[in-house]
Amino acid sequence: MTAIWGKISSKEIVAAVKGHLVSGDPQACFSGFNSDSRTVQRGELFWALKGDRFDGHDFVSRAVMQGASGMVVQKGFPVSLKNVPPIAVIAVDDTLRALGDLAAWWRRQHVAKVVAITGSSGKTTAKEMTAAILQVGHKTLKNPGNHNNLIGLPVTLLKLEKTHQRAVLEMGMNHKGEIARLTEIADPDVGVILNVGMAHLEGLGDIDGVAEAKTELMDKLSPRAKMVLNGDDDVLMKHAARFDSGGTARHAFTTFGLKEGNKIRGLNIKSCGAEGMRFDLIYDGNSQPITLGVSGVHNVKNALAAAAVGLSLDEPMAHIVKGLGSFSGINGRIPLHPW
């Protein structure tokens with residue numbers, strides 16, 4: 001695989017982002033990537049991102065003075081760097097779009113199986129539970145915190161190394177089309193939709209609008225990928241039905257939940273107070289007792305989603321039991337927040 005920081009060249013990056021090398025050596029390599037001029041290290045590639053309240057182009061000179069070996073800027077940006085060594089300058093139409101394009105290319109250079117998780121609530125917990133399962137047997141990458149947007153997810157993917165075997169990515173949403181773009185970038189092997197709730201309604205109209213936006217994940221998912229859905233969520237399942245034409249689903253579906261009919265099901269749920277929860281994980285006619293170190297039925301559902309991912313990736317049940325048993329919550333989170 002060629003995507004290794006320290007070996008990836010300006011020429012390769014230009015090709016991946018469909019950019020133009022304004023100046024510098026096309027064979028020049030970078031030690032890493034950074035979009036924060038305050039923390040740029042010597043040899044890194046500085047990416048000038050523009051947001052509603054900031055513009056990385058305002059800090060290009062500072063990044064270079066701190067040792068950046070190259071920069072990615074918007075076409076038309078007047079690069080004028082006096083008294084500094086010549087560096088690579090790559091111009092693109094849109095630096096945010098180009099960041100996603102580079103992350104998508106980087107992802108394809110690595111063999112890690114990628115899991116993408118979205119939903120109106122529970123994303124971070126389900127991501128952490130899933131990672132806890134997968135990292136029992138594999139080196140696993142995950143988004144830090146809730147870095148789940150069009151900046152955070154690509155930045156996470158650009159940390160993929162050849163030793164990673166799994167990656168678990170949380171996908172957030174602020175507007176229609178965002179999940180579709182994130183799915184294009186991540187190209188998941190397993191996609192998960194936890195639920196559809198009364199969140200992110202601005203610009204989406206109603207809960208059906210939210211469901212349409214969340215199921216963009218299914219719309220953009222590769223035919224080779226698998227899909228995990230909350231079978232207890234009637235609104236979600238109604239919208240998921242549009243991907244099942246004539247009884248032939250576009251993707252292999254696995255549903256999880258508490259109700260009958262789900263492939264992955266939780267039964268005999270028992271609260272153990274401060275010690276957490278216990279329940280039986282039912283799958284393919286088998287039953288496995290699970291102990292969670294966190295409270296709440298909503299966390300049982302998060303655990304079912306994580307277990308469904310593990311089973312979709314052929315993880316041994318022992319790994320699922322151990323991973324879920326090791327999860328003890330997320331610092332700073334209220335234990336009993338609603339599903």
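Throughout, read-outs are computed from the coordinates displayed, never taken from laboratory work. Because the structure is a prediction, the values reported are computed rather than measured. Positions of Cβ are backbone-derived with ideal geometry, glycine not excepted, and every protein chain shown enters the neighbour counts.
Along the stretch 167-179, what does the Karplus equation 6.51 cos²θ - 1.76 cosθ + 1.60 (θ = phi - 60°) give for ³J(HN,Hα), rounded to whole Hz, x for Gly and Pro?
Each residue's phi maps through the Karplus curve to give 9, 10, 10, 7, 10, x, 8, 10, 7, 4, x, 5, 5 Hz.
List the trypsin sites (Lys or Arg not before Pro) within the stretch 116-194 that DSSP assigns to loop and that have no more than 14 neighbouring Cβ atoms inside 10 Å.
Numbers: sites: 123, 127, 139, 142, 159, 162, 166, 176, 181; in loops: 139, 159, 162, 176.
For trypsin sites (Lys or Arg not before Pro) across the stretch 116-194 that sit outside H, G, I, E and B with at most 14 neighbouring Cβ atoms in 10 Å, the list reads 139, 162.
Mean residue ellipticity at 222 nm from the helices of the chain, using -39,500 (n - 2.57) per DSSP H segment of n ≥ 4 over the full residue count, to the nearest 500 deg cm²/dmol?
-8500 deg cm²/dmol
To make sure I understand, if each residue's beta carbon is the centre and we count other beta carbons within 10 Å, what order do 31, 328 fall in, fewest to most?
Working: 31 17, 328 12.
Sorted ascending by nearby Cβ count, the order is 328, 31.
Using Cβ counts within 10 Å as a stand-in for footprinting exposure, how do 271, 312 rank, fewest first?
On the way: 271 14, 312 21.
If I rank by nearby Cβ atoms, fewest first, I get 271, 312.
Return P(r) of the stretch 130-215 (all Cα-Cα pairs; 5 Å bins starting at 0; whole %; ordered from short to long distances).
Per 5 Å bin, starting at 0, the Cα pair percentages come out as 3, 14, 23, 22, 18, 10, 6, 3, 1.
For residue 23, list long-range residues whose amide hydrogen, built 1.01 Å from N in the peptide plane, is under 5 Å from its own amide hydrogen.
Sorted by chain and number, the residues that satisfy this are 89.
How do 183, 124, 163 rank when sorted from fewest to most other Cβ atoms within 10 Å of their own Cβ?
Ranking 183, 124, 163 by Cβ neighbours within 10 Å, fewest first, gives 163, 124, 183.
Report the calculated FRET efficiency for residue 139 and residue 328 (r = Cβ-Cβ distance, R0 = 25 Å), to the nearest 0.05.
On the way: r = 21 Å, r/R0 = 0.85.
It comes to 0.75.
Kindly provide the chymotrypsin sites (Phe, Trp or Tyr not before Pro) of the stretch 11-112 that DSSP labels as loop, not H, G, I, E or B, and whose Cβ sees at most 16 other Cβ atoms within 10 Å.
54
Would you work out which of 209, 33, 323 lies farthest towards the positive end of the dipole of the chain, given +1 charges on the beta-carbon of Lys and Arg and -1 on that of Asp and Glu, about the Cα centre?
Positive-end residue among those listed: 33.
Taking H placed 1.01 Å from N in the peptide plane, check which residues at least 5 places from residue 228 or on another chain put their amide H under 5 Å from its amide H.
191, 192, 193, 254
³J(HN,Hα) across the stretch 293-303 via Karplus (A = 6.51, B = -1.76, C = 1.60, θ = phi - 60°), whole Hz, x for Gly/Pro?
3J(HN,Hα) across the stretch 293-303, in whole Hz: x, 10, 9, x, 5, 4, 6, 4, 5, 4, 5.
In whole Å, what are the Cα extents of the chain along the three principal axes, biggest one first?
70, 38, 35
On a full-extension model of 0.36 nm per residue, what is the gain between residue 271 and residue 108, subtracting their alpha-carbon distance, rounded to one decimal in nm?
Roughly 54.4 nm would be gained on extension.
Could you compute how fast the stretch 285-330 diffuses translationally, taking Rh as the Kirkwood radius over C-alpha pairs and applying Stokes-Einstein at 4 °C with viscosity 1.567 mPa s? Give it in µm² per second.
119
Among the trypsin sites (Lys or Arg not before Pro) within the stretch 214-303, which fall in a DSSP loop and have no more than 13 other Cβ atoms within 10 Å of their own Cβ?
Numbers: sites: 214, 220, 224, 226, 238, 242, 250, 259, 263, 265, 270, 278, 301; in loops: 224, 250, 259, 263.
Hits after loop and neighbour filter: 224, 259.
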